[in-house]
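The structure under discussion appears below in the form of structure tokens.
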Amino acid sequence: MDIKEVINKARAHLKECDAILVEASEKANGIYFEVGYAKALGKKVMIIHKKGTEASFLESAGDVSIEYEDFEDLRKKLEGIKF
């Protein structure tokens, strides 16, 4: 699959969803595109990242941002989230 196909699939999926959950503990170029496109479409964006990792730009773009220590901590924090 070439990059054009990947982008077209991502755009189609983003148009269909209500919100996206972005794991930002590791950098990936596609995340920036997906967050920006989701915001442009008026979708809700939740950013999660492991404590000690840098997610500053993405955190500012998210409607909700969660820093977690481990998966149990993340699970507990996600339970109380409402968009």
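Where the second residue is not in a strand (DSSP E or B) and the first is loosely packed, with under 10 Cβ neighbours inside 10 Å and lies in the stretch 1-24, which pairs have Cβ atoms under 7 Å and are six or more apart or on separate chains? Pairs found: 18/43.
With respect to residue 77, is the statement that it is charged (D, E, K, R), free of Cβ contacts under 8 Å to residues at least 60 places away in the same chain, part of a helix (DSSP H, G or I) and surrounded by 12 or more Cβ atoms within 10 Å (Cβ to Cβ) true? Against the criterion (charged (D, E, K, R), free of Cβ contacts under 8 Å to residues at least 60 places away in the same chain, part of a helix (DSSP H, G or I) and surrounded by 12 or more Cβ atoms within 10 Å (Cβ to Cβ)), residue 77 qualifies.
Bear in mind that the values in this text are calculations on the coordinates, not laboratory data. Since we're looking at a predicted model, the values are computed, not measured. All Cβ positions, glycine included, derive from the backbone under ideal geometry; neighbour counts span all protein chains shown.
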